[in-house]
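Values in this text are rule-based calculations from the coordinates and carry no lab data. Nothing here was measured: the structure is a model prediction, and the numbers come from that model. Cβ placement follows ideal geometry from the backbone for every residue including glycine, while neighbour counts extend to all protein chains displayed.
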Amino acid sequence: MSDLVFWLNANPNAVSGLASAVSAIATVVLAMTTIVYAWHTWQLAKENRLLRRAGTDPQVVAYATLNPRVFGAIDFVIANIGKGPAQNVSFEILSGGEDFSSKGVRLPHRGARFTFLPQGDQISTFLGMGHELIGNPSLAPFKVEVRYEEVLGAKHVAQFDVNISQFEGLVRLGKSADEEIAESVKKIAEEMGKWSRSRL
């Protein structure tokens with residue numbers, strides 16, 4: 001220990017240079033830490049802005065789905081799956097659709113403009129019965145472009161591929177709850193009809 005103290009006292013210039021080098025390295029490390037911290041803060045602010053927008057922006061999609069009430073029917077749906085309302089919603093078929101008339105599809109190539117589509121809401125139109133659309137040959141896939149605006153005016157455009165063949169081979173077992181309720185109500189009505197006739 002005394003040797004180190006002696007060497008430090010004997011070499012003040014080396015000690016001063018070493019202290020300057022350590023101070024310079026510390027300054028560089030501090031500057032780099034500040035830059036990394038600023039970059040992370042900027043990234044967090046950017047992600048927060050995106051999350052806020054995702055929580056209030058509409059997101060309108062187009063797809064085909066099975067009709068929940070009519071067995072075998074297929075619908076074309078424009079749905080707002082985002083967190084905010086959409087306005088001036090319209091769609092246009094960009095490619096495909098040449099076989100619409102032969103399959104009885106009445107979907108216009110340039111769709112109507114819907115003034116307002118609330119979040120979680122949808123607009124669906126009947127495309128046709130599955131056995132007709134999927135019959136040989138199946139309705140050809142078509143591409144749809146959807147346009148819509150946010151309430152504040154920002155405009156969005158998205159494209160979707162609609163392919164009916166995805167429903168080929170699907171089989172449903174049993175009856176839906178609506179069908180069972182309808183049949184039960186019909187039986188009750190028939191039974192009540194017998195009661196009134198027997199009284200007469």
Quick check on my filter: what residues within region 112-127 are under 21 Å from the mean Cα position of the chain (by Cα) and either without any contact (Cβ under 8 Å) to a residue 60 or more places away in the chain or closer than 16 Å to residue 65 by Cα (or both)? 113, 114, 115, 116, 117, 118, 120, 121, 122, 123, 124, 125
Exactly one of these conditions fails for residue 150: (1) in contact with a His (Cβ under 8 Å, 6 or more places away or on another chain); (2) closer than 19 Å to residue 67 by Cβ. Give me its number. (2)
Kindly provide the set of residues from region 105-135 that are hydrophobic (A, V, I, L, M, F, W, C) and either touching a His at 6+ places or on another chain (Cβ under 6 Å) or exposed (fewer than 13 other Cβ atoms within 10 Å of the Cβ) (or both), ordered by number. 112, 116
